[in-house]
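Worksheet: the structure to be examined is printed underneath.
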């Protein structure tokens, strides 16, 4: 086992295919759209990267995305996240494993906390985004159920 694959082991609880559901919220916390679809996290051959595929409906819009997670930075304790979506947009975020086993994902103007369940059968996530004043506001509440 290489140092790279050892460093990636904390992602093991999220590896799998997930039924995704949730809500998108406006600035006042009111639901403006439903989220429904699938997320899949799998090891890239060699174990040095996690490949994350997204296929969800967000209201009337279909979202397809591909994300690569890896490149552990031992100094900051973070992992690089590089995402690309079907519209041609792309972005980067950083993942950080918290002491309670949850993950924090943070990028430009957005952040999320993901809580995998101990039995690895479900996960929940709360996304926040920054408003014009720089304050963080709830953006999406998501739930994931493991698919066989």
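Only the coordinates and a few stated rules stand behind these numbers; no lab work does. The model shown is predicted, which means the values in this text are computed figures rather than measured ones. Cβ atoms come from the backbone with ideal geometry, glycine included; neighbour counts cover every protein chain shown.
Note down the nm distance, to one decimal, between modelled labels 7 Å out along Cα→Cβ at residue 118 and at residue 66.
3.8
Taking neighbour Cβ counts within 10 Å as the exposure measure, how do 28, 39 sort from fewest upward?
28, 39
How do 18-24, 42-48 rank on mean C-beta neighbours within 10 Å, highest first?
Packing order, densest peptide first, comes out as 18-24, 42-48.
Please give the FRET efficiency for residue 40 paired with residue 132, using the beta carbon to beta carbon distance and R0 = 22 Å, rounded to the nearest 0.05.
My answer for the efficiency is 0.05.
How long is the gain from residue 96 to residue 12 if the chain were fully straight, where each residue apart is worth 0.36 nm and the alpha carbon distance is subtracted?
My answer for the length gained is 28.8 nm.
What FRET efficiency, computed as 1/(1 + (r/R0)^6) with R0 = 22 Å and r the Cβ-Cβ distance, is obtained for residue 75 and residue 5, rounded to the nearest 0.05?
0.65
Hey, in the GNM for the chain with a 10 angstrom Cα cutoff, which one of 12, 27, 71 fluctuates hardest?
Greatest mean-square fluctuation among the candidates belongs to 27.
Given the -39500 (n - 2.57) contribution per DSSP H run of 4+ residues, what per-residue ellipticity at 222 nm results for the chain, rounded to the nearest 500 deg cm²/dmol?
Per the formula, -1000 deg cm²/dmol.
Volume per residue, Å³, of the convex hull around the alpha-carbon atoms of region 19-95?
Normalising the Cα hull of region 19-95 by residue number yields 117 Å³.
At 7 Å along Cα-to-Cβ for each site, give me the label-to-label distance between residue 31 and residue 82 in nm.
3.7
Normalising by the residue count of the chain, find the relative contact order in percent from Cα pairs under 8 Å and 6+ residues apart.
20
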